[in-house]
Amino acid sequence: MEMKQLKEQLAGFLKANRQQDFTAQSLADGLRMSDGSEYRQVVNALNALVREGQADDHGAAGYQYHVDSGEAIGEFKANERGFGFVRYDENLPDYFINPENTLQAMQGDQVKVKTLRPSNSPDRGPEGQVIEILERANTQVVGIFTLGSQAKGMLGQIRPNDKKINNYEILVQDEGQELHDGQVVVADVKTYPDLTHPKQLTTSVKQVLGYKDEPGMDILQIVESKHVPNHFPEEVLEEADQIPSEVQPDEWAGREDITDQPLVTIDGADTKDIDDAVVAWKMNNGHYHLGVHIADVSHYVKEGSAIDKEAYNRGTSVYLTDRVIPMLPRRLSNGIASLNPDVVRLAMSVDMEIDQKGRVVKHHIHSSVIRSHARMTYTAVNEILKGDEKTRQQYRELVPMFEDMAELHKILHDMRIRRGAIEFDAPEAQIVVDPKGRAVDVVLRERGTSERMIESFMLAANETIAEHFDKLRVPFLYRIHETPDEERAKNFFEFTKALGHPVKGDPAEVTPMMLQRLMTQVENDPAEQMISTMMLRAMKQAKYSPDPVGHFGLGAKYYTHFTSPIRRYPDLTVHRLIKWYEKEGTGVGAQEKYASILGQIGIDTSTRERRAVDTERMVDAMKKAEFMEDKVDQEFDGVVSAAMKFGLFVSLENTVEGLVHISNLADDHYDYDEAHAALIGRSHHRIFQIGQKVRIKVIRVNKEESKVDFILVDPESAPTTTLKVVHDQGRFGKEGRRGRGRKNDHRNQDKGGQHGPKRSGAKQSHGHQSRGKRH
């Protein structure tokens, strides 16, 4: 490769991954330049980039994209009034960007910003100027086409489904194609806003998805706008077709035959991709044997194959209201890789001996051949454990094992509580749709003993695998949840103290046990929901990483994802690592294969997980709005889920959420009290806070924007307070401070002890599947 081309590739990669350091070896491996002379080329190119000021050499840590002193790189957050913010460090206040200094950056763009005026207070960010747009968030637009445009050379306009860009004029170039009003189109962005046209984009239509009123088109718009891959390339399907539908005789070699053990699967009734089976019994010494057996997907999905590349691109399966977008072709996920009953399957197994205190005293990790003896449902197992005689009689041979499992689950649960695991048992909704995909009901999903039991078993397996390989000191992929940073913890401690519930301990050294004790203290207290919500906002986001820092929310020193390789790429990677070290040993030579690539796998899979979460939430919000369309003028009881400067978010019992805008709080002038997360009236001193019960009336619903608007039926009944709000908000109020808005309410913290190991397949009559918590 020519030096110029090599430098461009390296500079582009470092720029795209500017928050990370990369060693020369990892970059050479990524470029498939592995021999001695090629490696030296890479080193020479990197050193040239350092001399040219495009990269920094951090020694053993590696090379990183260069950012001048007084500059920063971050994500641009646009405000409809023209100014914006740049989030560049999750622990520091954002940059404030005046309208004339935005460089017409759009929401979500990655930008380079220079400091114009440094920060003069710890909770207010510096003022900056965008000097370069590094990466555009919106490279394509999905929306409804409208024929006709006043602009020369333009065929029409697009009304986007993404509300973050619906204040822009989005024009479609006339390229001779035949388009019609009401068609849903996917278009590539050709030009972005500039000084002449600050609110205009031009696009080229590349695909017509259908018409807006076709069943399922509302969800498809969101899927396309979030860039979720939803069609398998032909080569992937062809490769999947070559995989046998049954285990072949020669595939038993080197595996333990445990087909005689009474393994069972326990899932939702509509699950098609069954990736885990369990077995348990009480041992003679009073301990428990727990076997967790996971579909051996890595046997069929070979590293570097077309299926593997597509699975990496997807990162995870995406579970939507009436459909699942799988990570793997259905021939695999619902066929040979699914642990269906009474058929032989290949598995990766972890057998554990667990004592009466919930400690794993022995374990054995191995590949196996298994046979599921029963395809159980959560409902059936719950009925058995509740004593339903008809169900117990139907499964009489398995009942003793289920009772042993329930005992073991309690032991494991109590162990997690003793070590400080934090449990957030927030309600989860199930959206029921009709045959055309229209939302007809939103109901709460209940989690019984069987769901929690499987959760406990999957957690035990994940922790056992993580501890085993961490103690071997080999490169590995972990699921981590870092300790909250000191400033966030300090702010949260001050918040709870103001409510009369101080946290005992030092915010600089916060532990899960501190927060667990707090939640125990406020159980059934009026402040419980408010404190729980603010605690979630204070926490960091769980992610994948080769750094074994543990899982704060679970109170776990070791944690990974091993149990769902059908639907999560990190689990597939973990299976490959287990097999690799089993085959090659744990010496330096064996470690080299994965050492340089696990960091990037962690970054990419974490990003794709967030994409899936965002897509799922957008679909849920849209479908909930659809359900509320015929509820205008009806009244409901609700609970304040957030108090913001611009109004109150109120959640109904079925989790549908709407906004009471500040302009509709007409009984007084309300100010936002950040310290208490409350709106307080200036004249009558009424207060509205998280967790407060209210009665609302639905006044507006906009499905396209996923918005539901409420008004309070009786604001005069709200409690009053003696608290006074300080009105000095500075140049842009609280909006520019870290944690503004509601983004942190939805961070993916792998909340507490909730694992939700499996998410069942989509169906129509019963709404969407159990999505499961992401630890």
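Just to verify a result, which residue in region 137-152, among those that are open to solvent by 10 Å² or more (accessible area, probe 1.4 Å) and not small (Gly, Ala, Ser), is modelled with the lowest pLDDT? Break it down stepwise before answering.
First pass over region 137-152, keeping only residues open to solvent by 10 Å² or more (accessible area, probe 1.4 Å): 137-140, 144, 146-152.
Cutting the leftovers down to not small (Gly, Ala, Ser) gives us 138-140, 144, 146-147, 150, 152.
On the way: ASN138: 92, THR139: 93, GLN140: 93, ILE144: 95, THR146: 94, LEU147: 92, GLN150: 78, LYS152: 87.
This residue is GLN150.
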Count of residues meeting criterion [more than 19 Å from ILE266 (Cα to Cα) and out of contact with any Pro (no Cβ under 6 Å at 6 or more places or on another chain)] in region 555-567: 5
Number of the condition not met by ASP57 [criteria: (1) touching a Leu at 6+ places or on another chain (Cβ under 8 Å); (2) buried (at least 19 other Cβ atoms within 10 Å of the Cβ); (3) acidic (Asp, Glu)]: (2)
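Given the structure, is GLY585 open to solvent by less than 20 Å² (accessible area, probe 1.4 Å), out of contact with any His (no Cβ under 7 Å at 6 or more places or on another chain) and of a type outside the set (D, E, K, R)? Even if it seems obvious, please write down each step before you answer.
Values: open to solvent by less than 20 Å² (accessible area, probe 1.4 Å): no; out of contact with any His (no Cβ under 7 Å at 6 or more places or on another chain): yes; of a type outside the set (D, E, K, R): yes.
Here the answer is no, as GLY585 does not meet what is asked.
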Count of residues meeting criterion [open to solvent by 10 Å² or more (accessible area, probe 1.4 Å) and either in contact with a strand residue (DSSP E or B) (Cβ under 6 Å, 6 or more places away or on another chain) or at pLDDT 95 or above (or both)] in region 627-644: 12
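Only strands (runs of 3 or more DSSP E) wholly contained in region 669-713 count here; list those with 2 or more residues that are open to solvent by 30 Å² or more (accessible area, probe 1.4 Å) and more than 30 Å from ILE222 (Cα to Cα). Break it down stepwise before answering.
Working: elements: 670-673, 678-681, 687-689, 693-702, 707-712.
So the answer is 693-702.
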Some residue of region 72-91 being touching a Phe, Trp or Tyr at 6+ places or on another chain (Cβ under 7 Å), of a type in the set (Phe, Trp, Tyr) and open to solvent by 50 Å² or more (accessible area, probe 1.4 Å): yes
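So which of ARG576, ARG611 ends up being surrounded by fewer than 24 Cβ atoms within 10 Å (Cβ to Cβ), under 29 Å from THR321 (Cβ atoms) and not hydrophobic (A, V, I, L, M, F, W, C)?
Details: ARG576 fails: under 29 Å from THR321 (Cβ atoms).
Only one candidate passes the filter, namely ARG611.
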Helices (runs of 4 or more DSSP H) lying entirely in region 207-323 (those with 1 or more residues that are surrounded by fewer than 15 Cβ atoms within 10 Å (Cβ to Cβ) and touching a helix residue (DSSP H, G or I) at 6+ places or on another chain (Cβ under 6 Å)): 234-241
Residue list for region 18-35, filter: farther than 23 Å from GLU135 by Cα, open to solvent by less than 70 Å² (accessible area, probe 1.4 Å) and either free of Cβ contacts under 8 Å to residues at least 12 places away in the same chain or in contact with a helix residue (DSSP H, G or I) (Cβ under 7 Å, 6 or more places away or on another chain) (or both): ALA24, ALA28, MET33
Tabulated pairs, region 334-345, first touching a residue at least 24 places away in the same chain (Cβ under 8 Å), second open to solvent by 40 Å² or more (accessible area, probe 1.4 Å) and acidic (Asp, Glu), C-beta under 9 angstrom, 6+ apart or interchain: ILE336/GLU246; VAL343/GLU246; VAL344/GLU246
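The values are calculated or read from the model by the stated rules, or taken from the named source; none is laboratory data. As the structure is a prediction and not an experimental result, all values here were calculated from the model. Using ideal geometry, Cβ is built from the backbone for each residue, glycine included, and neighbour counts are taken over all protein chains shown. Side chains are part of the model used for accessible areas, which takes the heavy atoms of the whole protein and leaves out ligands, DNA and RNA. Shrake-Rupley method; radii C 1.70, N 1.55, O 1.52, S 1.80 Å.
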